[in-house]
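Participant: Below is the structure I would like to discuss, written out as structure tokens.
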Ligand SMILES: NC(=O)c1ccc[n+]([C@@H]2O[C@H](COP(=O)([O-])OP(=O)(O)OC[C@H]3O[C@@H](n4cnc5c(N)ncnc54)[C@H](OP(=O)(O)O)[C@@H]3O)[C@@H](O)[C@H]2O)c1
């Protein structure tokens, strides 16, 4: 074993960074044996000094992250600050000064992954980011390496624990969205400002990263269709239950049937209770991968939290250190397939539409005609009437999102349709 240590600069020492430092210290001997050289924490960059940082030598702590990554003797920079800047500049500076990088930063990777990969490649360094998607769950390496000889057709996942906690609560207790969110906040599952989670931004960043790796195609954050879950109601859960379904916020990355294009989207959807993703409870994450040769694979586990996320960061750190000792680099960006990323209108799926209509003869025929005119075929219709008003629940066969949008626009114009109470896609069948 080499005795000269590999030097690690830790950028950020919050929820994730403090756990990375703790595991590096407590498992130092095992890590050294697995890597073939000791790893030394050479510096820790934070925003504020003066804060007690358990187990960390105060002499290592600095607020000058730039000076730390420019030192020139750092082998690996671990970026767990988050956000776009200064993380982006610090990572590129690290490459310029000879270090490889491990990051947990989904927002940055989804927005600037291509440029960061290019910078890593230019300097012959590694950029690893297993922790950026679904916390502890090994997903990026299986897609990049284990499935490198297969053809992935679909990635369907619950990649945000906060929203899964809220939807699971609504499902199991009949609570409304606000009540379930309040509980998630009180228990620490939701942040004070939950926008990034409940509006699907966090899941969309992960979908962009997953789609890019799965389909060997650059998928930008802007390419991902995004719909949050704040409009999901207790009534939607009752409708889902009547169909033998539950509701999950899903990230869905799909190859088209002709294989020429891909789509990536995040939205709430009904899935059958028999689907493995339906039984993912609480704040857990799970990702279902469908590939040509392997068939269906499911990855499941804790998608966030300091210690689970640090596990993924440490796995990357070991891999990058091994590469470093071997004078090699791991796989970089693979975007050779360069498939077209299609808009949401091209997505083909099934729909559950709940309409408030006048309770009078001929309404059903009128509604059915609108569906037929837009080429959307109806699978089932359920009608409940009361006091001159009725609700009509229509479940369609597979149709394009563009056709469905056209149908709904036309339905809204009918005098007999008082309102469109909800539109929910049905997935996982
Ligand atoms: N938390 C999770 O469960 C989880 C899961 C998966 C991925 N991630 C990702 O991991 C990253 C870190 O998340 P986190 O939850 O650990 O964040 P956090 O608890 O807010 O910690 C951020 C750390 O970065 C430091 N920092 C902030 N601005 C800085 C700057 N300009 N220069 C140097 N240091 C700076 C902070 O310093 P102070 O300590 O002085 O404030 C803090 O130590 C993010 O990209 C996040 O998306 C987190």
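The values are calculated or read from the model by the stated rules, or taken from the named source; none is laboratory data. Computed from a predicted model, the values in this text were never measured in an experiment. Ideal geometry is used to build each Cβ from the backbone, glycine not excepted, and the neighbour counts take in all protein chains shown.
Participant: Output the residue which, of all residues in the range 76-89 that are more than 8 Å from the ligand (Cβ to nearest atom), in contact (Cβ under 8 Å) with a residue 40 or more places away in the chain and within 18 Å of residue 121 (Cβ to Cβ), is surrounded by the fewest Cβ atoms within 10 Å (Cβ to Cβ).
Facilitator: 76
Participant: Here is a further query. Do any residues in the range 296-315 that are without any contact (Cβ under 8 Å) to a residue 60 or more places away in the chain have Cβ atoms under 7 Å from those of residues that are part of a helix (DSSP H, G or I) and more than 13 Å from the ligand (Cβ to nearest atom), where the two are at least six apart or on different chains, and which pairs are they?
Facilitator: Correct list of pairs: 298/276.
Participant: Being surrounded by fewer than 24 Cβ atoms within 10 Å (Cβ to Cβ) and either within 15 Å of the ligand (Cβ to nearest atom) or within 24 Å of residue 306 (Cβ to Cβ) (or both) is the filter here, so list the residues in the range 93-107 that pass it. Show your work before the answer.
Facilitator: If we filter the range 93-107 for residues that are surrounded by fewer than 24 Cβ atoms within 10 Å (Cβ to Cβ), which is where we start, we get 93, 95-98, 107.
Within the range 93-107, 93, 107 meet the criteria.
Participant: Yes or no: residue 39 buried (at least 17 other Cβ atoms within 10 Å of the Cβ), closer than 25 Å to residue 322 by Cα and more than 13 Å from the ligand (Cβ to nearest atom)? Lay out the reasoning, then the answer.
Facilitator: Numbers: buried (at least 17 other Cβ atoms within 10 Å of the Cβ): yes; closer than 25 Å to residue 322 by Cα: yes; more than 13 Å from the ligand (Cβ to nearest atom): yes.
Considered against the rule, which asks whether it is buried (at least 17 other Cβ atoms within 10 Å of the Cβ), closer than 25 Å to residue 322 by Cα and more than 13 Å from the ligand (Cβ to nearest atom), residue 39 comes out as yes.
Participant: Right, another one. For the range 200-216, which positions are surrounded by 22 or more Cβ atoms within 10 Å (Cβ to Cβ) and away from the ligand (no atom under 16 Å from the Cβ)?
Facilitator: Residues of the range 200-216 surrounded by 22 or more Cβ atoms within 10 Å (Cβ to Cβ): 200, 202-215.
Matches in the range 200-216: 211, 212, 213, 214, 215.
Participant: Could you tell me which residue of the range 346-383 is surrounded by the fewest Cβ atoms within 10 Å (Cβ to Cβ), considering only residues that are in contact with a helix residue (DSSP H, G or I) (Cβ under 6 Å, 6 or more places away or on another chain) and assigned to a loop (DSSP other than H, G, I, E, B)?
Facilitator: 375
Participant: Any residue at all in the range 224-232 that's assigned to a loop (DSSP other than H, G, I, E, B), at pLDDT below 95 and farther than 30 Å from residue 336 by Cα? Walk me through it before giving the result.
Facilitator: First pass over the range 224-232, keeping only residues assigned to a loop (DSSP other than H, G, I, E, B): 224, 227-232.
Then drop every residue that is not at pLDDT below 95, which leaves none.
Among the residues of the range 224-232, not one is assigned to a loop (DSSP other than H, G, I, E, B), at pLDDT below 95 and farther than 30 Å from residue 336 by Cα, which makes the answer no.
Participant: Okay, next question. Output the number of the condition that residue 300 fails; it satisfies all remaining conditions of (1) outside any loop (DSSP other than H, G, I, E, B); (2) surrounded by fewer than 17 Cβ atoms within 10 Å (Cβ to Cβ).
Facilitator: All conditions pass for residue 300, except number (2).
Participant: Being outside any strand (DSSP E or B) and touching a strand residue (DSSP E or B) at 6+ places or on another chain (Cβ under 7 Å) is true for just one of 94, 110. Which residue is that? Before the answer, list the steps.
Facilitator: Working: 110 fails: touching a strand residue (DSSP E or B) at 6+ places or on another chain (Cβ under 7 Å).
Step by step, each of 94, 110 is checked, and only 94 is outside any strand (DSSP E or B) and touching a strand residue (DSSP E or B) at 6+ places or on another chain (Cβ under 7 Å).
For every residue, the table says whether it meets (1) touching a strand residue (DSSP E or B) at 6+ places or on another chain (Cβ under 7 Å); (2) free of Cβ contacts under 8 Å to residues at least 60 places away in the same chain; (3) surrounded by fewer than 19 Cβ atoms within 10 Å (Cβ to Cβ).
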{"position": "392", "(1), (2), (3)": "yes, yes, no"}
{"position": "406", "(1), (2), (3)": "no, yes, yes"}
{"position": "415", "(1), (2), (3)": "no, yes, yes"}
{"position": "424", "(1), (2), (3)": "yes, no, no"}
{"position": "427", "(1), (2), (3)": "yes, no, no"}
